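J.: Take this structure, written in structure tokens, and hold onto it; I'll ask about it next.
The values are calculated or read from the model by the stated rules, or taken from the named source; none is laboratory data. Only a predicted model underlies this, so the values are computations on that prediction, with no experimental measurement involved. Positions of Cβ are backbone-derived with ideal geometry, glycine not excepted, and every protein chain shown enters the neighbour counts.
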């Protein structure tokens, strides 16, 4: 029986440049990317968000269902539509983003009528995953309910994973981001910070400093992501990727790493082996276009 995984966040409409000056329609979002990778790896994944009742929302649900995600916990808000972002990629494979998400339906996640029923289902999870972007998007009521959900999952013996994905433009006040991150760290069993984000948010100067900060805040297991350098694990040190790559597209690498790591840990792998599985999935992702590349025979499956 697959492990029961609940992921909370915002899945958006994605526009990417295509040939001839056209734009290609897709989907993405940090937690959504991880959810899709987890589903591809065999996890029983349920995605919690809010969408509208428009054709774009219907397309998103159909696409996520086709990836194996259980969409039964997605709430619908007829007064709002999904968020939207557009991507451009430079010659080095680095991408830049423009967002339209201020009135996204996802802001009402866990704040719409029926939220308690969603939480009652979600608390059955073996693993709950959310990110600092999730918290940035949610209104205060949804944030409070998400923290309550984390406590309920842990009380039932499940684990909580938190990715400290920090995007300054999502917070008018940096202190709000720090406070929300601290609340999340206090209820997470697996912390997934990135040195670059922690440098921006807390002035961190080393991976060891990030690890110490998260552990002091209450996180049980901390994996500090270091991009091409690998990751830092407690009592082990730096775990580098198995090979150096010349990436085609770096977007979604951290989301893919999260999926590989979490799937491996849920399956009983050690942190070191889980890190290598995360590296392999991230490596496969960055050598292909998009944050969620089309599956092929080279995709790691465990």
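J.: What is the number of the single condition among (1) outside any loop (DSSP other than H, G, I, E, B); (2) at pLDDT 95 or above; (3) in contact with a helix residue (DSSP H, G or I) (Cβ under 6 Å, 6 or more places away or on another chain) that residue 285 does not meet?
T.: It fails just one condition, (2).
J.: Next question. Would you check which residues across the range 234-270 are over 18 Å from residue 28 (Cα atoms) and crowded, with 20+ Cβ neighbours inside 10 Å and list them?
T.: 239, 241, 261, 262, 263, 264, 265, 266
J.: Any residue in the range 151-175 that is touching a residue at least 60 places away in the same chain (Cβ under 8 Å) sitting within a Cβ distance under 9 Å of a residue that is loosely packed, with under 12 Cβ neighbours inside 10 Å and assigned to a helix (DSSP H, G or I)? List the pairs, counting only those 6 or more apart or interchain.
T.: Filtered contacts from the range 151-175: no entries.
J.: Another question, then. Which of the following residues is part of a helix (DSSP H, G or I) and either touching a residue at least 60 places away in the same chain (Cβ under 8 Å) or in contact with a helix residue (DSSP H, G or I) (Cβ under 7 Å, 6 or more places away or on another chain) (or both): 263, 272? Talk me through it step by step, then tell me what you get.
T.: Values: 272 fails: either touching a residue at least 60 places away in the same chain (Cβ under 8 Å) or in contact with a helix residue (DSSP H, G or I) (Cβ under 7 Å, 6 or more places away or on another chain) (or both).
Residue meeting the stated conditions: 263.
J.: Filtering the range 206-232 down to residues that are assigned to a loop (DSSP other than H, G, I, E, B) and more than 29 Å from residue 249 (Cβ to Cβ), which residue is nearest to the chain's Cα centre (by Cα)?
T.: In the first step, residues of the range 206-232 are kept if they are assigned to a loop (DSSP other than H, G, I, E, B); the result is 206, 218-220, 226, 230.
Checking the rest, the ones that are also more than 29 Å from residue 249 (Cβ to Cβ) come to 218-220.
Values: 218: 20, 219: 17, 220: 19 Å.
This residue is 219.
J.: One residue is enough: does the range 50-62 have a residue meeting the conditions in a strand (DSSP E or B) and in contact (Cβ under 8 Å) with a residue 24 or more places away in the chain? Before you say what the answer is, go through the steps one by one.
T.: First, pick out the residues of the range 50-62 that are in a strand (DSSP E or B): 50-51.
Right, trim to in contact (Cβ under 8 Å) with a residue 24 or more places away in the chain and you get 50-51.
Yes: one or more hits.
J.: Restricting attention to the range 17-49, and to residues there that are farther than 28 Å from residue 78 by Cβ and part of a strand (DSSP E or B), which single residue is modelled with the highest pLDDT?
T.: Filtering first and then ranking leaves 44.
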